[in-house]
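Down below is the structure, laid out as structure tokens.
The values are calculated or read from the model by the stated rules, or taken from the named source; none is laboratory data. These figures come from a predicted structure and were not determined experimentally. Cβ coordinates were reconstructed from backbone atoms using ideal geometry, including for glycine residues, and neighbour counts include every protein chain displayed. The accessibility values were calculated without ligands, DNA or RNA, using every heavy atom of the protein model including side chains. Shrake-Rupley method; radii C 1.70, N 1.55, O 1.52, S 1.80 Å.
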Amino acid sequence: MILSPLSYVTPHPNGPWQTYLSQVDRVLPYLGHLARWGETLKRPKRTLIVDVPIELDDGSVAHFEGYRVQHNLSRGPGKGGVRYHPDVTLEEVMALAAWMSIKNAAVNLPYGGAKGGIRVDPKQLSHKELERMTRRYTSEIGIIIGPHQDIPAPDVNTNPQIMAWMMDTYSMNTGTTATGVVTGKPIHLGGSLGRVKATGRGVFVTGREAARRIGLNLDGARVAVQGFGNVGSAAAELFAQAGAKIVAIQDHTGTIFNDRGIDMAELMPTLKQYGGVGDFKGADKIDDESFWDVKCDILIPAALESQITPERAQRTSAKLVLEGANGPTLPSADDILADRGVLVVPDVICNAGGVTVSYFEWVQDFSSFFWTEDEINMKLDKIMVGALKRIWDTADKHKVTLRTATFAVACERILIAREERGLYP
């Protein structure tokens, strides 16, 4: 029987959903008898599109389009962030939810994959408008989220304050303080120490292990970072502490370059004051496309998806690519990097530090017993290093890339759970 594609998806060769589907196709030959369940991975379990109307400060009413997608719940409740961005689409959120399924299974967390988003430029909203939109969105998706159903978290343009509003709204609607409904909350509302920098820390930990594998000394290594939010900035600081030189940074405000290395201590106040790196005086400003020509040993794409195109893959001088963002490399670019001998540590393991500490937060909320930041970081490092070792062993066994190996480990876990649970009814 020929299975028809999803009717509500418009295939686009470089779209995030199509990228994800091609990644699944590459791993099916390594799944043995579990491949019969492969179609499960290509269809989200549940997609919800909601209208988010709010009253603006000037008295007018604005409508925003919101989504929550639960890709797979075979291994546990959904887990995944919420992003506010004008370019958010259903297909993007579907892909992000699917990558969360893979990511959670890759580090063996008891979660399925989910993701949410609103098509909005949050910079155009006042603080109160942002709160009203967040609360209305939470109420609209409240029918499918919950501490045991689906647990949102911060993503692009969302933060602990937005998580606090989401938790409060859900709690008011259910009549109980449900701290476990979201993660990435402020510490005083049940948040976890170490959560803000956890994703960047995971990028550093997996990068450190990968560098060791290929004989790359971090002391003096040249690092280029695209995207300088929580992920890129935290990873850059940790690499700098390990002796690496951050030679180039690109974010939405521009691209800066310093061949001798950018001083992180000098840069951080500028980042906080201006919300970006573009106005930093301790480096030269270069045009955005030149970022890909900067001589570097390690490239960290930590912005949005589909950034490393085939043409950029040919240009980069990096020996190691650490995917801090979700889906930053197109499949065709993946092949070029592999042919050139560039090691790519894929997003679904590289940036899994955030969801791992989100898991710690969720567990702490249920027990009302909280760990120190040192304990959190120690547990995180142990899980990330162990997961990467299992993936590397799989890559060596099948002689495949780390991405295909990560998908092989994760998809096997997901599909074993699917098979053992069976189909109901």
Query raised in the report: Any idea which of Gly202, Gly184 is crowded, with 24+ Cβ neighbours inside 10 Å, in a helix (DSSP H, G or I) and not hydroxyl-bearing (Ser, Thr, Tyr)?
Result: Gly202
**Report entry** Some residue of region 189-198 being part of a helix (DSSP H, G or I) and surrounded by 20 or more Cβ atoms within 10 Å (Cβ to Cβ)
**Finding:** yes
Requested in this report: Would you mention how many residues in region 340-380 are free of Cβ contacts under 8 Å to residues at least 40 places away in the same chain, over 29 Å from Ala318 (Cα atoms) and β-branched (Val, Ile, Thr)?
Outcome: 1
Report summary line: Log entry, pairs with first residue in region 42-64 being open to solvent by 90 Å² or more (accessible area, probe 1.4 Å), second being assigned to a loop (DSSP other than H, G, I, E, B) and modelled with pLDDT of 95 or more, beta carbons closer than 7 Å, six or more apart or on different chains, reads Lys45/Leu73; Arg46/Ile144; Asp57/Ser126
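Having 1 or more residues that are open to solvent by 20 Å² or more (accessible area, probe 1.4 Å) and either within 24 Å of Thr199 (Cα to Cα) or of a type in the set (A, V, I, L, M, F, W, C) (or both) is the bar; report the helices (runs of 4 or more DSSP H) wholly within region 310-418 that clear it.
So the answer is 331-339, 353-367, 373-398.
Given the criterion crowded, with 21+ Cβ neighbours inside 10 Å, in contact (Cβ under 8 Å) with a residue 40 or more places away in the chain and more than 15 Å from Arg46 (Cβ to Cβ), identify the matching residue among Lys103, Lys79, Lys128, Lys115.
So the residue among Lys103, Lys79, Lys128, Lys115 that is crowded, with 21+ Cβ neighbours inside 10 Å, in contact (Cβ under 8 Å) with a residue 40 or more places away in the chain and more than 15 Å from Arg46 (Cβ to Cβ) is Lys103.
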**Report entry** Selection count, region 306-338, where residues are β-branched (Val, Ile, Thr) and more than 23 Å from Val205 (Cα to Cα)
**Finding:** 2
Query raised in the report: Counting only residues that are open to solvent by 30 Å² or more (accessible area, probe 1.4 Å) and assigned to a helix (DSSP H, G or I), which one in region 274-309 is modelled with the lowest pLDDT?
Result: Tyr274
